[in-house]
1. Is it fair to say Thr41 is modelled with pLDDT of 95 or more, under 26 Å from Gln197 (Cα atoms) and either in contact with a Lys or Arg (Cβ under 9 Å, 6 or more places away or on another chain) or open to solvent by less than 30 Å² (accessible area, probe 1.4 Å) (or both)?
2. Which condition breaks for Leu135 when tested against (1) in contact with a helix residue (DSSP H, G or I) (Cβ under 9 Å, 6 or more places away or on another chain); (2) open to solvent by less than 80 Å² (accessible area, probe 1.4 Å)?
3. Answer yes or no as to whether Glu111 is outside any loop (DSSP other than H, G, I, E, B), under 20 Å from Pro26 (Cα atoms), free of Cβ contacts under 8 Å to residues at least 24 places away in the same chain and open to solvent by 70 Å² or more (accessible area, probe 1.4 Å).
Amino acid sequence: MADEGTPPDRAADTSVTPVELPPEHPAIAPLSFLLGRWKGTGKGSYPTIDSFDFFQEVTFSHIGKPYLIYTSRSWRLATDEQGELQRDEQGELVRLEPLAVEAGFWRPQPEGKVEVLLSHPTGITEIYYGQLTGLNAIEMVTDAVARTETAKPYVAGKRLYGLVPNKAREGEKDLAYAFDMAAMGYPLTPHLWAVLQWDWIE
């Protein structure tokens, strides 16, 4: 006896068509080397906290407009007594807990300049002004930082992004990233650095 509550076979529905992204806006061409999802590991430290290892996933995408859409997530990684990253039975890195989340927009400007707007769930919003320092490298510093009443006293940041040769696969490039932070009464001090591998591109 047939179950009248069983939904129809979705696999037989051929009316669904894949979504196609619009063409890239010409303005984002200088930043197109960033497009895609990048995943990898890094390290963090600061005078007020213990050093830690993390896994990070960064995505740059677009919708055909003159800006990139940016998201980043990170997780604390488990390490053994020797400081080596731990892996599970499947060989995957062991993630202990979520760390930072941030999202925003990268707006390319004439003469290799870029404006970056970032928001954080910790009550902080940043505006960065940046400059392409080569074909595949960007350096930027905060022009303004806004904080909610409950946010920590973070006052300034400096970021570097750039492609570097992949050490294991000849001809491929990784995305290197570094973040200096001025917070908790300290001046700009190295806080995060990572090397991320390209995962996919739309």
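The values are calculated or read from the model by the stated rules, or taken from the named source; none is laboratory data. All values derive from a computational prediction rather than experimental measurement. Virtual Cβ from ideal backbone geometry, glycine too; neighbours counted across all protein chains shown. Only protein heavy atoms, including side chains, enter the accessible area calculation; ligands, DNA and RNA are left aside. Shrake-Rupley method; radii C 1.70, N 1.55, O 1.52, S 1.80 Å.
1. It is false that Thr41 is modelled with pLDDT of 95 or more, under 26 Å from Gln197 (Cα atoms) and either in contact with a Lys or Arg (Cβ under 9 Å, 6 or more places away or on another chain) or open to solvent by less than 30 Å² (accessible area, probe 1.4 Å) (or both).
2. Checking Leu135 against (1) in contact with a helix residue (DSSP H, G or I) (Cβ under 9 Å, 6 or more places away or on another chain); (2) open to solvent by less than 80 Å² (accessible area, probe 1.4 Å), the one that fails is (2).
3. Yes.
This table checks each residue for (1) open to solvent by 70 Å² or more (accessible area, probe 1.4 Å); (2) part of a strand (DSSP E or B); (3) within 25 Å of Phe33 (Cα to Cα); (4) in contact (Cβ under 8 Å) with a residue 40 or more places away in the chain.
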position	(1), (2), (3), (4)
Ala144	no, yes, no, no
Ala151	no, no, no, no
Gly162	no, yes, yes, no
Ala168	yes, no, yes, no
Tyr177	no, yes, yes, yes
Ala182	no, yes, no, no
